[in-house]
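Novice: Mind having a look at this structure? Questions to follow.
Values in this text are rule-based calculations from the coordinates and carry no lab data. Quantities reported herein were computed from a predicted structural model and do not represent experimental measurements. All Cβ positions, even for glycine, are placed from backbone atoms using ideal geometry, and neighbour counts span all protein chains on display.
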Amino acid sequence: MNLTLLTARSKEPLPDFTGATARVLGASFIGLPSVDSVAGWPVQTIAAPLLGGVGDSLQEIWRLDIESRAGTSEGIAFRRAGPLLYGVIELDEAVFSNAPSPLQAATEEAYRRIFRLLEQEGLPHLWRVWNYLAGINLENDGLERYRQFNIGRQDAFIAFKRGATGNVPAACAIGLAGGPLSIAFMAGEQPAVPVENPRQISAYNYPAAYGPRSPTFSRANLVYLPAQEILFISGTASIVGHQTVHPGDAAGQCRESLGNVAAVVDAASALSRGAAYGLEMLSYRVYIRHAEDFSAIRECLAERLGSAEIVYLQADICRSDLLVEIEAVAAQSLGNC
């Protein structure tokens, strides 16, 4: 069983999945304008402008070499293939308008539904989560929205007796101009191997200055399918220890962020069951707060990453002083392991 990530840009034809819908696990649609979900598999829509002249939109498609089955549960669209599941849920905060924090309530409810689904499917291990929310740095009722999100997320983990430290999923939390709370996730039968960054304090151990609840994610996870190892690297920014460095300097933040990615790659290689990972092996998604910083950031990454697959989009990041965030994924065959 192998999982492959394919990227189809708006200027290119979609891969031909005629008669093979069951072998698509799910997808992300990135760009403007948004489109309806592709029939047959769950799609997370990320309504953010693409940068770099690649067109208005692209799709990132998770493709399998075996068939999967479709399902729905409490508003979650998902597909499952053996020990692997990919799902997408969107919740409108307006539905929770009577709560003191609609975003916090929506986040907790979304994660509760995810955990119920994983219990029903007998796939308890949440490997990777992609979170998108409107106005991530705005303040409502005296608290930044990202911090409200963190409270709701951790409350759900605690309610389902899941640890909020240690073996937690790789994740990102990114701000968009508008739209619902959107969460895509991948889960499996086997526990992930968490990977931390020696240059940073683990996010779940951040001091209280960053909010009432710490973010619930690992810097990266190594996960396993039959005969395959996948490395998911969380959203990674210009943070050393727990502090933002190079404020106001997009190129400096890019270099520091990539330094953190490299440190995570080295830590993952030490834990890998296969070959060591290299930066050039990864596929990247790069979030840039200000479009005018794109050229400097692209130049910075080109020096280290060469021809690696990189998708650039304009979006907000979890701290208002962060200008760029980098996430990545890689996979390697483990033969008949």
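Novice: If you average the sequence gap of Cα pairs under 8 Å that are 6 or more apart and divide by the length of the chain, what percent do you get for the contact order?
Specialist: In percent, rounded to a whole number, it is 16.
Novice: About its Cα centre, what dipole magnitude does region 84-203 give when the only charges are +1 on Lys and Arg Cβ and -1 on Asp and Glu Cβ, stated in debye to the nearest 20?
Specialist: Once rounded to the nearest 20, the dipole reads 300 debye.
Novice: Answer rounded, prolate or oblate for region 95-137, using the Cα gyration tensor with square roots of eigenvalues a ≥ b ≥ c: rounded when a/c is under 1.5, else prolate when a/b is larger than b/c, else oblate.
Specialist: Values: a/c = 4.12, a/b = 1.72, b/c = 2.39.
It comes out oblate by the Cα gyration axes.
Novice: Also, I was wondering about something else. Could you give the size of the charge dipole of the chain about its Cα centre, using +1 on the Cβ of each K and R and -1 on the Cβ of each D and E, expressed in debye and rounded to the nearest 20?
Specialist: 680 debye
Novice: With unit charges on the beta carbon (Lys/Arg positive, Asp/Glu negative), name the residue among CYS318, VAL223, TYR146 whose Cα is farthest towards the positive pole of the charge dipole of the chain.
Specialist: Of CYS318, VAL223, TYR146, it is VAL223.
Novice: Output the peptides 301-307, 163-169 sorted from most to least packed, where packing is the average of other Cβ atoms within 10 Å over each peptide's residues.
Specialist: Packing order, densest peptide first, comes out as 163-169, 301-307.
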